[in-house]
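Peer 1: First, the structure itself, so that you have it in front of you.
Every number here is computed from the coordinates shown, using simple stated rules; none is lab data. All figures in this text were calculated on a predicted structure; none of them were measured in a lab. Positions of Cβ are backbone-derived with ideal geometry, glycine not excepted, and every protein chain shown enters the neighbour counts.
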Amino acid sequence: MSIASTLGLTSSRKVRYAFVALGDITQEAMLPGVKHTGNSEIVAFVTGDPEKARGVGEQYGVTDSYSYEQFGDLLASGTIDAIYLATPNWRHAEFAIPALKAGIHVLVEKPLEISVEKSNEIIAAQKASGAKLMVAYRLHFEPCTLATIDLIRAGDLGELLTFSSTFTQMVSPENHRAKNGIEAGPIFDMGPYPINAARYVFGDEPTEVVSAVGTRHPQAGLGGFDDTVAVTLRFPKDRLAQFVISYYGNTLDSYTVVGTKGSVEVNPGYMYGKPLERILTIGEDKRHDSFKNTDHFGGELKYFSDCILDDHEPEPDSEEGYADLRVIEGIVRALETGTSQVLEPFSRAKRIDTKAQEQTLTAQKSPKLINTANPGKGKDKVPLN
């Protein structure tokens, strides 16, 4: 019998979620999209801020809240089927593992954790429990991203040669990302976007971190980590991926893929809250495509709840999270040593199913945020996860 059946989900056809951590990404992006999924509902909150729990609870009619220390009580309550986990990166295993052991499904923000070792602990817990885990790679369900993958797979660009990306934004020195070292910095927070994009563009795994160079701008007012990092990755078949990520630059999120027959530039390519657009060039013919602005968060939640209700394994699973952390660790080592880093051999059989995964829910308006703020600085305030 599936876990969905044992929890009685097949009758209600709605998955009951607790939302762990009520920071900007939960309040601004995930909670507004729950209602129109049709298959998910908000049951409880987990937060260290009672005032935040009350304020957000009033917005959504939710009265059940738990402190982080009461998380075990929530798991034993019988009131939830799944959690959405949006704590800082280094606290993911702390909550994901006991939830999985309790048979509770987990949708966890990226990166999966801050090390391959921690990610393997989560993977082991998931395999032992049978509960489902999905890493919140929202672009795996976004129409522009999926259409771009389709044209690449169809061979429209010819033999792929390079992937290049720039992902920059101004992060406020007051945000927690600026105060918790490298694990909260751009490598872990923004790095998964170009790393993941290069992997789904090439349909392959990098073999080497050729170089990683970081710099710190004292005027940025950020913590003791490189606020700007440039990386080169080597992929099989003589393909290269290069990207720059930064907490100290005017907002830009784009990537370009070049092949022997054509190229495609997606700009914006990673952010939510606005339409994603692309310029496709085949030979000398150029075309501009703009895609509908969709609810990335509601879409991924709907997909994950469908996987729970229909007992299907989600595509961006724990191994997908591991695949990016494997590269992130290599980048950190390259920064520390100043030398290239050969990555341990790894292959992934499961890839994005562009037809089954597309979600087109309408973008939702963000509510007033309670005791939290967007990480961006001034006019450049932009979403991260």
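Peer 1: Pick from Ala128, Ala198, Ala373 the residue whose mean-square fluctuation is largest in a GNM of the chain, springs joining Cα atoms under 10 Å.
Peer 2: Largest GNM mean-square fluctuation: Ala128.
Peer 1: How big is the dipole moment of the chain about its Cα centre under a simple scheme where the beta carbon of each Lys and Arg is +1, that of each Asp and Glu is -1, and everything else is neutral? Debye, nearest 20, please.
Peer 2: 520
Peer 1: Collect residues whose amide H, placed 1.01 Å from N in the peptide plane, falls under 5 Å from the amide H of Lys110; neighbours closer than 5 in sequence don't count.
Peer 2: The answer is Ala136.
Peer 1: Counting only C-alpha contacts under 8 Å and six or more residues apart, can you give the relative contact order of the range 143-293 as a whole percent?
Peer 2: RCO, the range 143-293: 29 percent.
Peer 1: Additional query: Which is the longest part of the chain that has none of the GluC sites (Glu not before Pro) sitting in a DSSP loop with at most 12 other Cβ atoms within 10 Å?
Peer 2: Free of exposed loop sites, the longest segment is 1-158.
Peer 1: Continuing with this model, one more query. Counting only the backbone N, which residues of the range 231-264 are under 17 Å from the spot 7 Å out from the Cα of His217 toward its beta-carbon?
Peer 2: The answer is 231, 244-254.
Peer 1: Going Cα to Cα from Lys286, which lysines come in below 25 Å? Please leave out same-chain ones fewer than 8 positions away.
Peer 2: Straight-distance partners of Lys286: Lys261, Lys274.
Peer 1: I'd like the Karplus ³J(HN,Hα) series for the range 249-266: coefficients 6.51, -1.76, 1.60, θ = phi - 60°, whole numbers in Hz, and an x wherever there's a Gly or Pro.
Peer 2: For the range 249-266, the Karplus-derived couplings read x, 4, 4, 8, 9, 9, 8, 10, 10, 10, x, 6, 10, x, 8, 9, 10, 10 Hz, x marking Gly and Pro.
Peer 1: A further question follows. Quick one: check the C-alpha center-to-center distance for the range 175-215 versus the range 254-269, whole angstrom.
Peer 2: Rounded to whole Å, the Cα centres lie 19 Å apart.
Peer 1: How much length would be gained if the chain were fully extended between Lys261 and Gln59, taking 0.36 nm per residue of separation minus their Cα-Cα distance, in nm to one decimal?
Peer 2: Roughly 67.6 nm would be gained on extension.
Peer 1: Hey, what D do you get for the range 143-293 in µm²/s if you plug the Kirkwood alpha-carbon radius into Stokes-Einstein at 25 °C and 0.890 mPa s?
Peer 2: 152
Peer 1: Follow-up question, since we're still on this one. Arranged by the count of other C-beta atoms within 10 angstrom, fewest first, what order do Met170, Met190 take?
Peer 2: Met170, Met190
Peer 1: Enumerate the amide H contacts of Asp317 below 5 Å, restricted to partners 5 or more residues apart or on another chain; note that Pro and chain-start residues carry no placed amide H.
Peer 2: For Asp317, whose amide H was placed from the backbone, the distant partners under 5 Å are Val135.
Peer 1: Subtract the Cα-Cα distance of Ile279 and Lys35 from 0.36 nm times their separation in residues, and report this length gain in nm to one decimal.
Peer 2: 84.4 nm
Peer 1: Could you work out which residue, out of Gly33, Gly158, Gly23, moves most in a Gaussian network model of the chain, that is, has the largest mean-square fluctuation with Cα springs under 10 Å?
Peer 2: Judging by the Gaussian network model, the answer is Gly158.
Peer 1: Please give the length that would be gained between Ser290 and Glu69 if that part of the chain were fully extended, namely 0.36 nm times their separation in residues minus their C-alpha to C-alpha distance (nm, one decimal).
Peer 2: Result for the pair: 75.0 nm of gain on full extension.
Peer 1: Taking the range 140-200, which trypsin sites (Lys or Arg not before Pro) meet the DSSP loop condition and have no more than 14 other C-beta atoms within 10 Å?
Peer 2: Qualifying residues, ordered by number: Lys179.
Peer 1: Let me ask another. Can you list, bin by bin at 10 Å, the percent of alpha carbon pairs in the chain, starting at 0?
Peer 2: 5, 24, 34, 26, 10, 1, 0
Peer 1: Ok, one more. Of the residues Asp64, Asp306, Asp238, which exhibits the maximal mean-square fluctuation in a Gaussian network model of the chain defined by a 10 Å Cα contact cut-off?
Peer 2: Most flexible of the set in this elastic network: Asp238.
Peer 1: Take the residue pairs Lys127/Lys302; Lys127/Lys237; Lys179/Lys302; Lys110/Lys179; Lys292/Lys368 and return only those whose Cα atoms are more than 27 Å apart.
Peer 2: Lys127/Lys237; Lys179/Lys302
Peer 1: Follow-up question, since we're still on this one. Tell me which of Gly33, Ala334, Cys307 sits at the most positive position along the dipole axis of the chain, charges placed on C-beta atoms (Lys, Arg +1; Asp, Glu -1).
Peer 2: The residue sitting farthest along the positive end of the dipole is Gly33.
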